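The values are calculated or read from the model by the stated rules, or taken from the named source; none is laboratory data. In this text the structure is predicted, and so the values were computed from the model without any measurement. FYI the Cβ positions are ideal-geometry reconstructions off the backbone, even for glycines, and counts take in every protein chain you see.
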Amino acid sequence: MNNSGISEQHQTKSGVFTEKEIWGQPDLWQKVYDKILQNKQSIVSFFEVATTHKNLNIILTGAGSSAFIGLSLIGTFNRNYRNLTTAVSTTDLVTHPIDYLSPDIPVLLISFARSGNSPESIAAVTLADQICSKVFHLIITCDADGALANYKTKSLKYTFILPAEANDKSLAMTGSYSGMLLAGLLMARITEIEKLKEQVSAIRKYAAKILNKSSAIKRIAEMNFERAVFLGSGPLYGTATESHLKVQELTGGKVICKKDSFLGFRHGPKVVIDSTTLVFLLFSNQSYVLKYEADLLNELKSGQEPLYMAGIIESVTLNLQPDELFVLSDEGVQIDEDFLPVCFILPAQMIGFFKSLQLGLNPDNPSTNGLISRVVKGVTIYPY
């Protein structure tokens with residue numbers, strides 16, 4: 001590894017930003033932790049004011065990858081603040097605001113955005129201020145100059161700007177996604193931030209192990225698959241969702257991807273599996289959950305088998321035998337399940353990166369037809 005954290009054998013002329021941003025995530029996570037620790041008191045004060053209101057709804061929002069962050073954090077916020085928490089994309093909030101916002105119910109709107117310049121980002125916070133009598137805004141973004149970071153409101157607002165490295169230059173979100181996810185997770189558990197230092201150190205070590213498996217992941221990426229399915233349960237469902245988008249984005253749509261929970265996959269979506277399908281399994285570290293996940297793996301092995309099944313797990317506690325299993329710890333469970341999504345997103349990012357190169361694309365901008373861009377274009381916001 002060189003000083004930038006990039007594997008020297010994989011440095012390329014194409015996709016230099018994407019590669020740097022993927023391989024640089026462990027260092028970024030430490031900077032995110034340090035910055036949140038430095039701002040602990042102001043964050044605690046914000047939550048103390050916001051969460052004292054009865055019947056508070058917490059809404060985790062964003063667009064695209066930023067929306068998927070909320071899917072991994074629902075349980076964490078529910079357990080730690082004991083308020084109804086939902087993950088609702090800004091793209092849903094903007095078109096159907098009264099399905100989620102009410103004049104009579106106070107809301108803590110937690111907005112995630114890389115640039116904060118997507119039209120829906122500002123529209124969502126504006127609609128909340130327009131409809132709700134009481135709004136608290138927590139804005140987690142990577143761009144201090146973005147429209148969301150500079151949103152003017154009469155409501156109580158706290159804005160957290162991630163370290164500069166999180167503001168990806170490439171089209172696909174990588175470090176920005178995992179950095180904002182970690183920031184949201186740490187804020188949900190802000191009162192115990194000092195104790196979480198060990199867990200952040202653990203995911204950084206796990207990430208290094210994953211990145212050092214780049215040859216094996218490159219080999220998987222270069223297999224002849226046309227479809228990819230990512231499965232995850234609980235907080236890892238958000239990771240599966242982001243994983244499916246990441247590979248689809250980085251391959252310019254040439255690989256069609258799906259995502260689901262382990263249990264949900266049986267209810268129809270399993271029909272997509274054929275001899276051109278890669279299945280990637282994101283295993284929980286909770287023994288209760290893992291029993292269900294092991295059952296699905298065994299079912300896939302005894303039915304219409306995909307081209308290849310790979311998986312990632314913190315520590316093996318059951319007899320799991322996909323074609324390939326990346327094990328991150330031989331010392332048993334080390335971290336809370338909530339932290340797995342931060343590092344478990346790396347395999348899909350790497351598969352997407354290597355597959356993009358194999359297909360002759362530029363991972364920094366794989367959309368050769370211009371259908372997708374770093375900041376979404378062409379959205380008109382109408383008065384509500």
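Tabulated values for the structure
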{"quantity": "All positions within the stretch 328-366 that are of a type in the set (Gly, Ala, Ser) and surrounded by fewer than 22 Cβ atoms within 10 Å (Cβ to Cβ)", "calculated": "Ser329, Gly332, Gly360"}
{"quantity": "Total residues in the stretch 300-348, condition among the charged types (D, E, K, R) and either more than 26 Å from Arg227 (Cα to Cα) or under 17 Å from the mean Cα position of the chain (by Cα) (or both)", "calculated": "5"}
{"quantity": "Options Thr126, Thr90; residue that is in contact with an Asp or Glu (Cβ under 6 Å, 6 or more places away or on another chain) and either surrounded by fewer than 21 Cβ atoms within 10 Å (Cβ to Cβ) or within 24 Å of Leu162 (Cβ to Cβ) (or both)", "calculated": "Thr90"}
{"quantity": "Residues being of a type outside the set (S, T, N, Q) and either in contact with a Cys (Cβ under 6 Å, 6 or more places away or on another chain) or in a helix (DSSP H, G or I) (or both) - total across the stretch 214-255", "calculated": "19"}
{"quantity": "His53, sole failed condition from (1) more than 22 Å from Val342 (Cβ to Cβ); (2) in contact with a Lys or Arg (Cβ under 8 Å, 6 or more places away or on another chain); (3) modelled with pLDDT of 95 or more", "calculated": "(3)"}
{"quantity": "Flag if Leu297 is within 24 Å of the chain's Cα centre (by Cα) and in the same structural domain as Gly352 (by TED's automatic domain parsing)", "calculated": "yes"}
{"quantity": "Unmet requirement for Ser133, which otherwise passes all of (1) within 23 Å of Ile105 (Cβ to Cβ); (2) of a type in the set (S, T, N, Q); (3) buried (at least 22 other Cβ atoms within 10 Å of the Cβ)", "calculated": "(3)"}
{"quantity": "Any hit, the stretch 249-259, residues being at pLDDT 95 or above and over 25 Å from Phe17 (Cα atoms)", "calculated": "yes"}
{"quantity": "Selected residue (only one of Arg227, Arg189, Arg219 is surrounded by fewer than 21 Cβ atoms within 10 Å (Cβ to Cβ) and in the same structural domain as Arg79 (by TED's automatic domain parsing))", "calculated": "Arg189"}
{"quantity": "Qualifying position, being at pLDDT 90 or above, aliphatic (A, V, I, L, M), part of a loop (DSSP other than H, G, I, E, B) and over 15 Å from Lys218 (Cα atoms), among Ile335, Ile381", "calculated": "Ile335"}
{"quantity": "Those residues of the stretch 280-327 which are part of a loop (DSSP other than H, G, I, E, B) and of a type in the set (Phe, Trp, Tyr), in sequence order", "calculated": "Phe283"}
{"quantity": "Of all residues making up the stretch 256-279, the number that are among the β-branched types (Val, Ile, Thr), surrounded by 13 or more Cβ atoms within 10 Å (Cβ to Cβ) and part of a helix (DSSP H, G or I)", "calculated": "1"}
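This table checks each residue for (1) buried (at least 19 other Cβ atoms within 10 Å of the Cβ); (2) more than 22 Å from Thr174 (Cβ to Cβ).
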| position | (1), (2) |
| --- | --- |
| Phe77 | yes, yes |
| Tyr81 | no, yes |
| Leu84 | no, yes |
| Leu109 | yes, yes |
| Phe112 | yes, no |
